[in-house]
Amino acid sequence: MEPGPLPLLCLCLCLAAVILAPGCRGAQGRFAYKLLHDLFANYSSALRPVEDTDRALNVTLQVTLSQIIDMDERNQVLTSYLWVRQAWLDAHLTWDKDDYDGIDSIRIPSSYVWRPDIILYNNADEHFGGSMETNVVLRSDGHIMWDSPAITKSSCKVDVSYFPFDGQRCRLTFGSWTYNGNQIDLRNRLDSGDLTDFVENVEWEVLGMPATRNVITYGCCSEPYPDVTYTLLLRRRASFYIFNLLLPCIMVSFLAPLGFYLPADSGEKVSLGVTVLLALTVFQLLVAESMPPSESVPLIGKYYIATMTMITASTALTIFIMNIHHCGPGARPVPPWARRLILHHMARLCCVYEVGESCKSPQRALGGQAGRGDAGGPWESPGEGEVGTDARGCPWDHCLCHHDALLRNVGYIAGCFRRHRANQRRTSEWKKVAKVMDRFFMWVFFLMVFLMSVLVLGNAA
């Protein structure tokens, strides 16, 4: 069966397209080469591309934040990866696309065309690398769009007053270095920076990037200089610092009041306070190494200093209380005001009931019975002496002399015993005073640590 005329026509058209396609593509390339030659035959990239030199050239700027590489708080430098898009109209680079086989746009190296000298005003890079030399997109109506990635280091005033719960405002100010507002009218394309392609940072959370246009007249020149400032709003992710700096400090600081609970005879009360103080000093040095040397002390640094001051005071009080505890027999009696305030009121408040208080009454009864027995002995001995006198014929006066010597000896022994009892009672009273003061200051310092922790978290919130 022979094919009809319509399928044969379609087959011929397909063969013609296959044969002529390479030639068409070659023609397109030749027109592009001719266009490039014609455009830049009498073109100079050194002059501002305007037909009327008295008019300002409109340049629009758009910044896309891709990544926050580093925030150096100590040197106050923000390192970020940006995509900078600049667009302007070049009056000398226009063509009729019908004359060049419908070519509407070409991509050429950016060094071929005039470019505005837009730089980052607050640049902190010592090498001044700037943007990459990427191609520009040139359209037939003269509009040029230049997209260039750049790794920028900008100066940022870092406020660490609430570290690690702080937020920062870093400004990126772009403007022309030599062209004033009468020559280049710089404007922001959008009201904020583009964050659609932002790569999340593990330390900082980006809250926004608003853009504002400013026109400033500097002291060196009378002409206005416009600039576009992008304010990067950052908030620190505090989880790392909470678990590595704040929580260990809180737990260590709660150990300091427990030094008052240790027995005075253990010999570890002062050692515990000094060990806690050294641990907090290490944490303080870790924070100080990463913070800028400024007058504003970070919040966690204030907490460390307050805790170290509290531990220093607790160690000094511990030494003072241990001195009271180890008062010897030669110590003076407890003053009446201290006995009334400490041994009665504060002891009840702190629930301190000293062992030995229940043993005082039996000792007194035992002492009274012993005194009475000792005193009754000499008076009973004359009766016995009388019997002995009758038996041995001892004279009464001679027995009285022996009884006087015995009474003096017994009185001396009773006096020594009473002085010993008084010294023991005085020593036990001073030990109880020390124990009551230990318990009282333990609860006071526990309360202080708790209040300081609450204040730190409250200021952070």
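The values are calculated or read from the model by the stated rules, or taken from the named source; none is laboratory data. Just so you know, these numbers come straight off a predicted model, no measurement behind them. All Cβ positions, even for glycine, are placed from backbone atoms using ideal geometry, and neighbour counts span all protein chains on display. These accessible areas exclude ligands, DNA and RNA; they are computed on the full protein's heavy atoms, side chains included. Shrake-Rupley method; radii C 1.70, N 1.55, O 1.52, S 1.80 Å.
Listed values, structure above:
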item: Neighbour-limited loop hits for chymotrypsin sites (Phe, Trp or Tyr not before Pro), the range 73-144 (at most 11 other Cβ within 10 Å; DSSP other than H, G, I, E, B); result: 128
item: Projected label distance in nm at residue 74 and residue 38, using a 7 Å step from Cα toward the beta-carbon; result: 6.2 nm
item: Contour excess over end-to-end distance, with Cα ends at residue 98 and residue 416 and 0.36 nm allotted per residue; result: 101.5 nm
item: Highest-first arrangement of 147-159, 66-78, where packing means the average Cβ count within 10 Å; result: 147-159, 66-78
item: Stretch gain in nm, segment residue 31-residue 51, where the contour uses 0.36 nm per residue and the Cα spacing is subtracted; result: 4.6 nm
item: Heavy-atom surface of the range 29-236, accessible at 1.4 Å and reported per residue (Å²); result: 53 Å²
item: Nearest-10 value in Å² for the accessible area of residue 403, using the 1.4 Å probe; result: 30 Å²
item: Summed side-chain charge close to residue 255 - residues other than residue 255 whose Cβ falls under 15 Å, Lys, Arg +1, Asp, Glu -1; result: 0
item: Percentage relative contact order, the range 29-236, counting C-alpha pairs under 8 Å, at least six apart; result: 24 percent
item: Estimated FRET transfer efficiency (residue 212, residue 446; beta-carbon r; R0 56 Å; 0.05); result: 0.65
item: Convex hull projection area averaged over all views, the range 60-183, Cα basis, nm²; result: 9.6 nm²
item: Projected label distance in nm at residue 177 and residue 151, using a 7 Å step from Cα toward the beta-carbon; result: 2.1 nm
item: Whole-percent carbon and sulfur share, accessible surface of the range 29-236, 1.4 Å; result: 48 percent
